Amino acid sequence: ILTLYSLRNRYRLPLQRLFRDQPGLASHWYAMQSFTTLPVQGWLMGNARAHYRDMPDAYQVVSPGTVSAGYFDITYLDPENERVYKQKLNGAIRRICKTIQWDRPRNPKSIAVITRRWFPISAVYRALYPYLETLTGDYELTLIHLGKMNPTIDTSLFSSVRVFPGLRNVRQLSAEQRSVILDQDWTVAFFPDVGMDVETIYLGNCRLAPIQVMGYGHPASMHGGQIDYFIAGEDSEIPGRAEQYFSERLVLLPGMGMIPVWPKVPIAGQLRHDTKRVLINCPWTLMKMNADLIGLLSEIIDESSQPVLFRFFTEIDPADRWGRPVYRQDIAELLGEANFELHGLMSYRNFLMEMAKGDLSIVPYPFGGFNTVIDSLYVGLPTVTREGTHGYNRFPAALLRKSGLGELVTYDRKGFKEK
């Protein structure tokens, strides 16, 4: 029966009843609903929010997928319900986590950096590399690479590299996994991007070091994990909202808490392939799209004095024979088939070359983008953003002000559309 139901169903199953009968199987089904659809239709957005809002107390962690269920998605879909949802999910993870104990004395100069994304074109790497670089020489940095090692990983800052195999058995770590994280001398465990990968969520609910810190790689609080401090920026956060938005102690550095790193890809001038319309770049991953945002684009089409073409640069795989046509149909129903392009995965250089053909870029809302602005400015395009109250929708405004382009910052939906 469960296979018949997804977030695309108009009928919503009574979740509590399902979990009463078979909580393990129901938990697996519940977790697999995470972003199985693109919530650009209002009713789909409502289904997705209700799905997370109604997470049953009987939810169980039975697989890697059930560890990450909705942790990443909730920030995009329903940030105001994020704290309650993550508290439930973290509680379910900690119920099955084995307590990690260490006996070895700690070296105050030893820091572990725990991530899968320390490679040059990663948004995590680009924003946080300059900070870690300042630690070299004074501290011993160990990279704990999550999952299979690959040649693109930059190990230049680290005195040693250890590979933590991908999470499989959620109830008991393997001997190899335990050897990577136990009997170490780290005083600090730094998680650049909790939420980007399942292992970061799992280990973020464990105590690997006396002091545990997270950064802006994924700019959202754990809301109840085992992280002590969140390193953020004075230009990105509102101190008065710290207790509301973070369970960790907020540490505000001067600036944005991330350092802009310009691309190193030479891009020649690009010829426009459409000279009759205004080409508007939307360099958004799929999860950044939502019903209100696509609805706003529909209004722009109706109200603009000139024809426009929205160019979506997503990370959708062109070979996805199942999801891609459905996503295209959902968008087409709102914008019209002739008014948008849906670009899939491409190389970073090709992405920048395509971006350079546009007239301007739009930063999504509520979840904005840091490198979205950098990439757009790099190819010479103005970038319009809407500033909010969370770090992730304040980064773009801070970048534009520092670039002398504060007039491109707006503060509400009406102003955003008009700009």
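Take residue 346 and tell me if it is open to solvent by 30 Å² or more (accessible area, probe 1.4 Å) and either among the aliphatic types (A, V, I, L, M) or within 23 Å of residue 330 (Cβ to Cβ) (or both). Answer is yes for this residue. Among all positions in segment 45-56, there is at least one residue which is at pLDDT 90 or above, in contact with a Gly (Cβ under 7 Å, 6 or more places away or on another chain) and crowded, with 22+ Cβ neighbours inside 10 Å. Would you point out the residue of segment 1-19, among those that are among the polar types (S, T, N, Q) and loosely packed, with under 14 Cβ neighbours inside 10 Å, that is nearest to residue 56 (Cα to Cα)? Once the filter is applied, the top-ranked residue is 16.
Scanning segment 233-258 for residues that are touching a helix residue (DSSP H, G or I) at 6+ places or on another chain (Cβ under 6 Å) and under 30 Å from residue 98 (Cα atoms) turns up just one, 250.
Of the residues making up segment 370-419, those that are under 18 Å from residue 355 (Cβ atoms), part of a helix (DSSP H, G or I), hydroxyl-bearing (Ser, Thr, Tyr) and open to solvent by less than 40 Å² (accessible area, probe 1.4 Å) number 2.
Evaluation of residue 32 against the conditions (1) over 17 Å from the mean Cα position of the chain (by Cα); (2) closer than 23 Å to residue 244 by Cβ; (3) open to solvent by 40 Å² or more (accessible area, probe 1.4 Å) shows that the sole unmet condition is (2). Please verify whether segment 274-294 includes one or more residues that are open to solvent by less than 70 Å² (accessible area, probe 1.4 Å), among the acidic types (Asp, Glu), in contact (Cβ under 8 Å) with a residue 24 or more places away in the chain and assigned to a loop (DSSP other than H, G, I, E, B). There is at least one residue in segment 274-294 that is open to solvent by less than 70 Å² (accessible area, probe 1.4 Å), among the acidic types (Asp, Glu), in contact (Cβ under 8 Å) with a residue 24 or more places away in the chain and assigned to a loop (DSSP other than H, G, I, E, B). Counting only helices (runs of 4 or more DSSP H) wholly contained in segment 1-114, the ones carrying 3 or more residues that are of a type in the set (Lys, Arg) occupy 82-96. A single member of 167, 173 is in contact with a Pro (Cβ under 8 Å, 6 or more places away or on another chain), touching a residue at least 40 places away in the same chain (Cβ under 8 Å), surrounded by 15 or more Cβ atoms within 10 Å (Cβ to Cβ) and not in a strand (DSSP E or B), and it is 167.
Among the residues making up segment 210-241, those that are surrounded by fewer than 17 Cβ atoms within 10 Å (Cβ to Cβ) and without any contact (Cβ under 8 Å) to a residue 40 or more places away in the chain are 211, 234, 239, 240. Scanning segment 129-155 for residues that are open to solvent by less than 30 Å² (accessible area, probe 1.4 Å), in a helix (DSSP H, G or I) and touching a strand residue (DSSP E or B) at 6+ places or on another chain (Cβ under 9 Å) gives a single hit, 132.
The values are calculated or read from the model by the stated rules, or taken from the named source; none is laboratory data. All values reported here derive from a predicted model rather than from experimental measurement. Here the Cβ is made from the backbone with ideal geometry for all residues, glycine too, and neighbour counts use every protein chain on show. For the accessible areas, the whole protein counts, side chains as well, though only heavy atoms, and no ligand, DNA or RNA atoms are used. Shrake-Rupley method; radii C 1.70, N 1.55, O 1.52, S 1.80 Å.
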